[in-house]
Amino acid sequence: MAGAVRIRGLVKDFGSRRVLSGLDLDVSGGEFVALLGRSGCGKSTLLRILAGLDPDVEGTFEVPERVSVAFQQPRLLPWRRVWRNVSLGLRGVDGRAVAERALAEVRLAGHADAWPLTLSGGEAQRVSLARALVREPELLLLDEPFGALDALTRLAMHHLVEQLWREHRPAVLFVTHDVDEALLLADRVVVMDEGRIVAEHRVDLPRPRRRAAFADLRSRVLSNLGVDDVEAA
């Protein structure tokens, strides 16, 4: 199926430290999967490998041809106007027109000629998302893209990402430390520990979701992470 990911026996070492330990994972086309786990468990390393940024691994993995990434930091080039950041690397198209359509989708119509340093944190992250989506990815990798945002901007980004996922239907692999964020957005939550998958949970709840609807599932995910739900409340 277009957008599918298949990972078998993935091993990654940094010196004497093993970060991924024979990891297996499948992601179906159009599926939204959230990766949870403590810092250092291998979540971001896995995304870098799938993005082709770290080829020195053992095991096998298959990803579709069109893969895009949005990181926690927008990584915009400050010397290029917003539309040029969005269209960076595109060939054979009218870069400005394509960028303006993508910017309109992330509610930044009219910002094409802005300089990155004039943008707020939320606006810069939306430009990063537009840059990822303009390539019409079959697989979208999101590495804690909301981690640096304030609470209200983060909520707005949740709604925007869900809307864009519904419209474009890429497979999504989403790294986060926020259990509520994962349960609000994902079809499936995967918990990692020491480079392995230790638990998976289907989130069979209607959208848009409310936190009260997944209280029991939240407790189970927190338990997988070794956290007392009362302590986390």
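Please treat every number below as a calculation from the coordinates, not as lab data. The model shown is predicted, which means the values in this text are computed figures rather than measured ones. As a convention, Cβ positions derive from the backbone with ideal geometry for all residues, glycine included, and neighbour counts pool all protein chains shown.
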* Check residue 147 against each of (1) under 20 Å from residue 173 (Cβ atoms); (2) among the small types (Gly, Ala, Ser); (3) in contact with a helix residue (DSSP H, G or I) (Cβ under 7 Å, 6 or more places away or on another chain) and name the one condition it does not meet. => (3)
* To do: Scan region 180-193 and give yes if some residue there is of a type outside the set (Gly, Ala, Ser), crowded, with 17+ Cβ neighbours inside 10 Å and out of contact with any strand residue (DSSP E or B) (no Cβ under 9 Å at 6 or more places or on another chain), otherwise no.
  => yes
* **Candidate set: region 21-47, residues that are farther than 27 Å from residue 167 by Cβ and not polar (S, T, N, Q); chosen: the one farthest from the chain's Cα centre (by Cα)** => 22
* Structure fact -> A careful count of residues in region 198-207 that are surrounded by 14 or more Cβ atoms within 10 Å (Cβ to Cβ), in a loop (DSSP other than H, G, I, E, B) and touching a Lys or Arg at 6+ places or on another chain (Cβ under 9 Å) gives 1
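Can you tell me how many residues within region 88-132 are among the polar types (S, T, N, Q) and more than 22 Å from residue 163 (Cβ to Cβ)?
Going residue by residue through region 88-132, those that are among the polar types (S, T, N, Q) are 118, 120, 125, 128.
Narrowing the set further to residues that are more than 22 Å from residue 163 (Cβ to Cβ) leaves 118.
Total meeting the criteria: 1.
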* **Hey, residue 221 of a type in the set (Val, Ile, Thr), touching a residue at least 24 places away in the same chain (Cβ under 8 Å) and over 28 Å from residue 128 (Cβ atoms) or not** => no
* To do: From 225, 141, 173, 160, grab the single residue that is surrounded by 14 or more Cβ atoms within 10 Å (Cβ to Cβ) and over 21 Å from residue 40 (Cα atoms).
  => 160
* Taking region 129-138, which residues are under 16 Å from residue 78 (Cα atoms) and surrounded by fewer than 21 Cβ atoms within 10 Å (Cβ to Cβ)? -> none
* Determine which member of the set 58, 31 is among the acidic types (Asp, Glu) and surrounded by fewer than 17 Cβ atoms within 10 Å (Cβ to Cβ). => 58
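If I filter region 208-215 for residues that are of a type in the set (D, E, K, R) and surrounded by fewer than 15 Cβ atoms within 10 Å (Cβ to Cβ), do I get at least one hit?
yes
Just give me the residues in region 116-158 being among the hydrophobic types (A, V, I, L, M, F, W, C) and touching an Asp or Glu at 6+ places or on another chain (Cβ under 8 Å), in sequence order. Please lay out each step first, then the result.
Pass one, region 116-158, residues among the hydrophobic types (A, V, I, L, M, F, W, C): 117, 119, 124, 127, 129-130, 132-134, 139-142, 146, 148-149, 151-152, 155-157.
Answer for region 116-158, where residues must be among the hydrophobic types (A, V, I, L, M, F, W, C) and touching an Asp or Glu at 6+ places or on another chain (Cβ under 8 Å): 130, 133, 146.
Identify, from the list 227, 172, the residue that is closer than 27 Å to residue 51 by Cβ and out of contact with any Ser or Thr (no Cβ under 8 Å at 6 or more places or on another chain). Steps first, please.
Numbers: 227 fails: closer than 27 Å to residue 51 by Cβ.
Being closer than 27 Å to residue 51 by Cβ and out of contact with any Ser or Thr (no Cβ under 8 Å at 6 or more places or on another chain) holds for just one of 227, 172, which is 172.
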* Which condition number in (1) over 25 Å from residue 182 (Cβ atoms); (2) in contact with a His (Cβ under 8 Å, 6 or more places away or on another chain); (3) not acidic (Asp, Glu) is the one that residue 79 fails? -> (2)
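Can you pull out the strands (runs of 3 or more DSSP E) entirely within region 47-153 that have at least 3 residues that are in contact (Cβ under 8 Å) with a residue 60 or more places away in the chain and of a type outside the set (S, T, N, Q)?
Numbers: elements: 58-62, 67-70, 139-143.
In region 47-153, the matching strands (runs of 3 or more DSSP E) lie at 67-70, 139-143.
Is it the case that some residue within region 199-220 is of a type in the set (A, V, I, L, M), under 30 Å from residue 9 (Cβ atoms) and within 20 Å of the chain's Cα centre (by Cα)? Reasoning before the result, please.
First pass over region 199-220, keeping only residues of a type in the set (A, V, I, L, M): 199, 203, 205, 212-213, 215, 217.
Cutting the leftovers down to under 30 Å from residue 9 (Cβ atoms) gives us 199, 203, 217.
Within this subset, residues satisfying the condition of being within 20 Å of the chain's Cα centre (by Cα) are 199, 203.
Yes, some residue in region 199-220 is of a type in the set (A, V, I, L, M), under 30 Å from residue 9 (Cβ atoms) and within 20 Å of the chain's Cα centre (by Cα).
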* How many residues are among the charged types (D, E, K, R), surrounded by 17 or more Cβ atoms within 10 Å (Cβ to Cβ) and over 18 Å from residue 140 (Cα atoms) if we restrict to region 85-120? -> 1
